[in-house]
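Please read through the structure below; I'll follow up with questions.
The values are calculated or read from the model by the stated rules, or taken from the named source; none is laboratory data. The shown structure was predicted, so the numbers you read here are calculated from the model rather than taken from an experiment. Cβ coordinates were reconstructed from backbone atoms using ideal geometry, including for glycine residues, and neighbour counts include every protein chain displayed. Just so you know, the surface numbers come from the protein's heavy atoms only, side chains and all, with ligands and any DNA or RNA stripped out. Shrake-Rupley method; radii C 1.70, N 1.55, O 1.52, S 1.80 Å.
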Amino acid sequence: MNKHHKTLELDKVLALLAEHTACADARNMALAVLPEENLALAQALLNQTNDAYTLLARFGGPAFGGLVNVRNALHRAQAGGVLRMRELLEIAQVLRVLRGIVAWREASVGVESCLDALFGGISPNKFLEDAIHGAIANEDTVADHASPALADIRRKIRQQESNVRARLEQYCRSVAYGKYLQESLVTIRGGRFVIPVKAEHRGDIPGLVHDASASGATVFVEPMPVVEANNEIKVLQGKEREEIERILAALSQLAGSFYESVAAGYACAVELNVVFAKAKLAYDMRASLPLLNDSGETELKKARHPLLHRDSAVPIDLRLGLEFDALIVTGPNTGGKTVSLKTLGLLTLMAMCGLMLPAADGSRIAVYKQVLADIGDEQSIEQSLSTFSSHMTNIVSILTAADDDTLVLIDELGAGTDPVEGAALATAIIEALRARRAKLAATTHYAELKAYALETPGVENAGCEFDVQTLRPTYRLLVGLPGRSNAFAISERLGVPGEIIARAQALVSGESRRFEDVIGQLENRRALTEQVRGEAEEARRAAREALNAAERLRQEALQGQEKILEEARAQGKHIAEQARRSANALLGEIERIKKEHVRGSDINELARRARTAMKKGLEAIEDAAPPVRQAGMEERDGDYTLPRPLQIGDRVRITALGAEAEVAALPDGKGMVELQTGALRTRSHIDGLRLLTQPKPVDMGIRRHRPKGEERPEPAAQTRLASAMRLDLRGQTVEECLLALDRFVDEALRSGLHEFTVVHGKGTGALRGAVQQYLRGCAFVKAYRLGVYGEGETGVTIVELK
C-alpha cells in the first residue's frame, strides 16, 4: 500500500471493511481496494455503495456465506481432469449461493439499482447443482442411485457379504469348531471376512491366515469354504470403484462445460460481497453519502474520524478549497490537531474508494490525483535520521510530486529545529506548495505562521479549542480563528510556581504578548457569539415546537368536529333507510295479499293505511332530526351578527355544514330555527346561520313549510310538495319526455331531493323504455325501480338519486 495512505490509516479502515465480507476472495479484494483518482469512476463506486445501502435498508442483504473459489477445479475439469467428490460438492455449494443471490434480487422488487449489471452477470445452474447433489451423498460417498449399474453392484456386494457372514457365523455356533475360536464373532482383515482362532489351534480350521493379534495369541483365519465368496466380493468392489470413477468423470466433464458461466458468476458475487460490505460498514459508522467534485472543494459537516468510537468522537466542521486553499491548524498539544488533519485525509481517501463517510448529509469532498501526508515521527537510527531530518526527507518528496491535483497534509511543519529558522522554513514550504496550486493543511505551534495566515489571502487559520478551566481539550476545530498553545495556563494549573510563570511572561516579547491577547479576545468574542447563537436557536426551536403543538391541536379539533358530523349524517341515513325498508316491506306485503286474491275493498283500505303510515313515519323522522351545531363554531364566528331579524323564506348558510337552506319557521324561545334544505327539514341555532338573500319564492313552486304556530302544512302545500316529487310524462313524445326528465333531474339535484316518481303510464311501454334507458346512463342516478301496488305499479318508475 502507498505509504501516504498507510500514514493516514486507510489500511485500518479497509481491515474493518474486510470483516464484513463472507469469503476469502472478497476479503482480499476489500483489503486491496485503492482510491480512484477519476471523478466519474469514484462516483460510480459511491453509487454502488449507496444502492447497496438502500437495498440493505429495505430488504436486508443477500447471503454470501458458502462462496469458495472453485475456478481451479473447474479449469482442471474443463481440461479433462477428474475432480474429487469434495471439489464437486464445493461447486454445487457455490451454485446454490449464486442461485440464492439471484432469487434475493428478484424478490427485492420496486428498486432500480446500478448493481443490476453485477446481479445480471450471475447465471443460476440448477441442472448442474442437482446433478452433483443427486450423485454424491457426502465427501466420501457416491450415492447408490448415482447410476443403475452402481446400485446393482452394491446390491450384489451386500448380498455376497451377507452370505459370507452367514457361513462364518456357522463356525462360531458349531460345537466342533467353536472351541477353537478366541471369540465367537466375524471380523474383517485386509478387506476379507475372517474369524479369530486361538494360535495353538490354527491348524484345526483349514484356511488362510491374514493377521495375528499383537500378543500372538490370536490368528485371523479365512476358512477355505469362504475364500471363493470373499474373492467374489473383491471382484465386485473393483467394479464398484470403476463405476464411481466413471460417474465422477462424467460429473467433472459436465462441470467443466460450465466453466465460463460459473467463474463469471462467482466473480460477480465476490464483487457484490465487497459492495454490500461497504454498505454494512456505512451502517456501523452511521455514514452518509458525500457529494464529490474534482475542483478541490471540501466541506465536511460534523465529520468524525472513522477509527474513533462513534459515540465518543467529537464531530468537526472543516472546509478547504473554497475561499482559501491552505489551512494552518494551531492549538495546544493533545488538542486534536493531528486527528483533524488525519480526518481530512482519511475521509478523502475513503470517498475515493467508494466508501460513505461518517459525516452529516450535504458534506462535499474533492477527488485528488494524489494525497500526500507527512504525519508522525519517522526518525531512524539505522539511517541516521533525526526527527527533523525524517520530516524534511518526506517534505522533499512531497515538493517533488505535488501539483494542482494534490492534497498535502503536514503535521508540525518546521518542528524539530530552531524556532526562528523552523518558522521561516515552514513559511517558505507553504509558499512553494501554494505556487504549485496544491491544496494544503498543516499543523504548527509557530506564532509566525498564525500571523502569515492572517495576512495572506487564500490562507486561513484554524484552532483546536481548549478548556483552560478543566485543562482538557474540547477537540472542536474552529476554522477562521487561530489556536492558542495555552502553555502558561496549563503549567500554572499543573503546579508550576507563580513567579516562574510571571518571569516567563515577562520574557515574552511585547509584540507576541499583544498577538496572544488579540487571539484571546477573538476567542472570547467567538464564545459569546456562539452562546448567543445557541440561545437564539433554542428559542427558535421552542417556538417551532409550540407552533407545531398548536397546529396538532387545531387538526385534532377539526377531526373531532368532522367525526361528530359524520356520525350525525350516518345516523340520519340509517333512520331514513330503516323507514324506507319498513314502508317497502309493507307495500310488498300488500302486493302479496293482492296476488292471493284478497277482496279489493280490503286491499284498497290496507293500501290507504300503508300510505298514511309511511307519511307519518317520514314526518316523525323530520321531527326527530337533531339541530345542527358544530363544537367551537360559536366561538370561531362569534363576531357575526345578523343584519336584521330572519323572515320566512330567507336564504341562509348553515356554517356547520357549509350548506344553504331556507327559513321555514322563525326562531323559538331557545333560538332554534326550522330550516328546509331540499326535501329534508332540519333545525339549527340562529348563531350558526348566515343570511344570504331576501325572502324569495321557493324553487319548483314548492311551499314546504307553513308559518310558525301551525302544526301541519295546508292541503294546498301538501299538494305542491307531492307534485314537486312527481314528474308526469303522459301524453308526451319520447323526445319531449327525455328533455323534461333531464330538467327535472337537474332541479331535483339543486333542491336536494333524493327520490322522486316518474309517471309514464302503462300504454305500449315506449315511454317506460325511454325513461329507463336514460336512467341507466345518468351518472346522478343511484337506482330505479318500477312501482308496486299503491305507487302506480308498472305505470311509474321510482328514481333514487346519489
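Can you work out the FRET efficiency for the pair residue 562 and residue 793, with r the C-beta to C-beta distance and R0 = 35 Å, to the nearest 0.05?
Plugging the Cβ-Cβ distance into 1/(1 + (r/R0)^6) gives 0.20.
Still on this model: May I ask for the distance between the Cα centers of segment 741-778 and segment 200-268, given as a whole number of Å?
Taking the Cα centre of segment 200-268 as reference, the centre of segment 741-778 is 97 Å away.
A follow-up question, please. Between rounded, prolate and oblate, where does segment 1-130 land on the alpha carbon gyration tensor, with a ≥ b ≥ c its root eigenvalues, rounded for a/c under 1.5, else prolate if a/b exceeds b/c?
Judged from the Cα gyration tensor, segment 1-130 comes out oblate (a/c at least 1.5, b/c at or above a/b).
Taking H placed 1.01 Å from N in the peptide plane, check which residues at least 5 places from residue 212 or on another chain put their amide H under 5 Å from its amide H.
220
Is the shape of segment 112-209 rounded, prolate or oblate, going by the alpha carbon gyration tensor and its root eigenvalues a ≥ b ≥ c, with a/c under 1.5 for rounded and a/b larger than b/c for prolate? All intermediate terms of the calculation are to be shown ahead of the outcome.
Working: a/c = 5.98, a/b = 3.85, b/c = 1.55.
It is prolate, given that a/c is not under 1.5 and a/b is the larger ratio.
Net charge around residue 409, counting only other residues with Cβ within less than 14 Å of its Cβ (Lys, Arg = +1; Asp, Glu = -1)?
0
Another question, if that's okay. Explain nothing, just the number: relative contact order of segment 121-264, from Cα pairs under 8 Å at least 6 residues apart, as a whole percent.
The value is 23 percent.
Would you mind putting 726-739, 3-16 in packing order, based on average other-beta-carbon counts within 10 Å, highest first?
In decreasing order of mean packing, 726-739, 3-16 become 3-16, 726-739.
How much accessible surface does residue 493 have with a 1.4 Å probe, in Å² rounded to 10?
Rounded to the nearest 10, the figure is 130 Å².
Could you list log10 I(q)/I(0) for segment 220-327 at q = 0.14, 0.15, 0.20 Å⁻¹, which the Debye formula gives when each Cα is one point scatterer?
Each listed q maps to, in turn, -0.86, -0.90, -1.12.
How do the peptides 546-555, 337-346, 261-270 rank, highest first, by the average count of neighbouring beta carbon atoms within 10 Å per residue?
The densest-packed peptide leads the list: 337-346, 261-270, 546-555.
Around residue 263, what is the net charge, scoring Lys/Arg as +1 and Asp/Glu as -1 over all other residues with Cβ under 15 Å from its Cβ?
Neighbour charge sum, excluding residue 263 itself: -3.
Give the relative contact order (percent, whole number) for segment 170-243; include only Cα pairs under 8 Å separated by 6+ residues.
RCO, segment 170-243: 23 percent.
Oh, and also: Using only the Cα atoms of segment 278-360, build the gyration tensor, take square roots of its eigenvalues as a ≥ b ≥ c, and label the shape rounded, prolate or oblate: rounded if a/c is under 1.5, else prolate if a/b is larger than b/c, else oblate.
In terms of gyration-tensor shape, oblate.
Have a look at segment 390-473 and give its Rg and Dmax from the Cα atoms, expressed in angstrom.
13.9, 45
Using modelled backbone amide H atoms (1.01 Å from N, in-plane), which distant-in-sequence or interchain residues come within less than 5 Å of residue 288's amide H?
357, 359
Provide the net charge surrounding residue 162, with neighbours chosen by a C-beta distance below 12 Å and charges set as Lys +1, Arg +1, Asp -1, Glu -1. Walk me through the numbers before you get to the answer.
Numbers: positive: 155, 156, 158, 165, 167; negative: 161, 169.
Within the 12 Å Cβ shell, the charges total +3.
Please give, to one decimal in nm, the separation of the simple spin-label points placed at residue 302 and residue 692, each 7 Å out from Cα toward the Cβ.
5.4
Something else: Largest first and in whole Å, give the semi-axes of segment 55-172's equivalent ellipsoid, each being the square root of 5 times a Cα gyration tensor eigenvalue. Walk me through the intermediate numbers first.
Working: eigenvalues 394, 54, 27 Å².
Taking √(5λ) for each eigenvalue gives 44, 16, 12 Å, largest first.
With a 10 Å radius around each residue's Cβ, average the other Cβ atoms per peptide and rank 225-235, 318-328, highest first.
Ranking, from highest mean packing down: 318-328, 225-235.
Give me the number: length gained by fully extending residue 773 to residue 44, i.e. 0.36 nm times residue separation minus the C-alpha to C-alpha distance, one decimal in nm.
The residue 773-residue 44 span can extend by a further 256.0 nm.
Using a 7 Å offset from the Cα along the Cα-to-Cβ direction at both residue 188 and residue 175, what is the distance between the two label points in nm, to one decimal?
Reported label-point gap for residue 188 and residue 175 is 3.4 nm.
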